[in-house]
Amino acid sequence: MGKLQKNTKKTYYEDISAKGYSRRDFVKFATYMTAFMGLEHSMVGQVVKAMETKKRLPVIWEHFQECTGCSESFIRSDHPLVADVVLDHISLDYTDTLMAAAGHNAEEAKHKSMKENYGNYILVVEGAIPTKDDGVYCTIAGRTAVDILKESAAGAAAILTFGSCAAWGGVQAAHPNPTGSVPVSDIIKNKPIINIPGCPPISEVMTGVVLHYLTFGTLPEVDDMGRPKQFYGKRIHDSCYRRPHFDAGQFAESYDSEEAKKGYCLYKLGCRGPVSYNACSTTGWNNGVSFPIQSGYPCIGCSEPDFWDNGPFVKRLTNIPELGIEATADDIGKVVLGATVAGAAVHAVATNIAKRRELKDTSKHGKSNLEHLKEE
């Protein structure tokens, strides 16, 4: 990926200072985002230096089949600098939802930026791309979303898909998908694409990906679905504050039950937390105040592909990965309560077998891990 061209634009820090933020505000923000990106505290200085010395990153933000919820998530961030870094300080040269210009003036600004920053700008896409009937179900100024996407992607250094619509197709692509909607990756094959799914994504996640690129000049490491591991590397279930109730076999049977009021696990009410990868349970929304499960409603798995078609949101999962095997919440609850001692034994045997296999794996020196442990 090419380096950004030098220009006369202000650095991030210069622009932040010009808006009245103090040095203390700036350092606090850099520290906050460093931690959120999963970096060690020693990396704060590198993030600070990048924002002090690097020019603002040109961004073209296209909107297609969507509800603008991702933009809403951005501008309603409770941390003032989160929204400012993305909406102001990255040099947002075009977004037909938020920019003051319209019509020919807006299109002229976009094409000028794309030409001047060819090969160096970031393309943000919000919304799915309809392909049926030559793409007529989403047209802007007489042009289809397919045509506009291809044109905007041609000179982009990388593409960020904000939201599940752009990443997976979203509700538009749900069965029966009458407009033939597809994600960005089905159209663009020759550019690096970072998927940032969610309905909508968390604002700090969107900002964090941009800030990572700014700091290191590279895109973050992604999983096999193209999602940045630093934000989508853990299941919501793994960090959920209701997890102890799940492990103890304590589940809410209805939304108005005493168990629900006590904060029992919502798995039986359809929670998709055990199979959904996102930062909701660690970061939260509205400056970390809450997230859907904390608000009393199960996770619907909005960061996962085809979540609209993955059965009714209130229908419980039949099996979830637990203790290295497939185990249901009912089984776990029974084990804890002592109702199925045999089941617990099976779990233990399966776990031991897995560990034995792991210990028998030979090392590069030809010795098993178990032998190494004995020697130590």
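The values are calculated or read from the model by the stated rules, or taken from the named source; none is laboratory data. A quick note: this is a predicted structure, and the numbers were derived from the prediction, not measured. With ideal geometry, Cβ positions are generated from the backbone for all residues, glycine too; neighbour counts draw on all protein chains shown.
For this structure, a couple of remarks:
- Residue within the range 163-181 that is closer than 19 Å to Lys110 by Cα and either out of contact with any helix residue (DSSP H, G or I) (no Cβ under 9 Å at 6 or more places or on another chain) or of a type in the set (A, V, I, L, M) (or both) present: no
- Within the range 131-142, not a single residue is on the phi < 0 side of the Ramachandran plot, surrounded by fewer than 24 Cβ atoms within 10 Å (Cβ to Cβ) and within 20 Å of the chain's Cα centre (by Cα).
- One residue stands out in the range 277-326 among those that are surrounded by fewer than 13 Cβ atoms within 10 Å (Cβ to Cβ) and of a type in the set (Asp, Glu): the one that is modelled with the highest pLDDT, namely Asp309.
- Taking each residue of the range 96-121 that is at pLDDT below 85 and looking for partners that are assigned to a helix (DSSP H, G or I) with beta-carbon atoms closer than 7 Å, six or more apart or interchain, yields Asp96/Ala106; Thr97/Ser71; Leu98/Ser71; Leu98/Leu87; Met99/Ala106; Ala101/Ala109.
- Conditions (1) touching a strand residue (DSSP E or B) at 6+ places or on another chain (Cβ under 9 Å); (2) surrounded by 18 or more Cβ atoms within 10 Å (Cβ to Cβ); (3) not assigned by TED's automatic domain parsing to the domain that holds Trp168; number of the one not met by Val209: (3)
- Which numbered condition Asn120 misses (of (1) surrounded by fewer than 22 Cβ atoms within 10 Å (Cβ to Cβ); (2) farther than 29 Å from Pro220 by Cβ): (2)
- Of residues in the range 217-262 being without any contact (Cβ under 8 Å) to a residue 24 or more places away in the chain and not charged (D, E, K, R), the one surrounded by the fewest Cβ atoms within 10 Å (Cβ to Cβ): Ser254
- Top-ranked residue of the range 163-196 - restricted to ones that are of a type in the set (Val, Ile, Thr) and in contact with a strand residue (DSSP E or B) (Cβ under 6 Å, 6 or more places away or on another chain), ranked as surrounded by the fewest Cβ atoms within 10 Å (Cβ to Cβ): Ile187
Yes or no, residue by residue, for (1) under 19 Å from Ala167 (Cα atoms); (2) of a type outside the set (Val, Ile, Thr):
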residue: Gly119; (1), (2): no, yes
residue: Leu123; (1), (2): yes, yes
residue: Asp133; (1), (2): no, yes
residue: Tyr137; (1), (2): yes, yes
residue: Ile140; (1), (2): no, no
residue: Leu149; (1), (2): yes, yes
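- Which numbered condition Ser303 misses (of (1) within 16 Å of the chain's Cα centre (by Cα); (2) on the phi > 0 side of the Ramachandran plot): (2)
- Filter pass, Ala157 being part of a strand (DSSP E or B) and surrounded by fewer than 23 Cβ atoms within 10 Å (Cβ to Cβ): yes
- For Gln230, the requirement of being touching a helix residue (DSSP H, G or I) at 6+ places or on another chain (Cβ under 9 Å), under 24 Å from Met206 (Cβ atoms) and either among the charged types (D, E, K, R) or outside any loop (DSSP other than H, G, I, E, B) (or both) is met.
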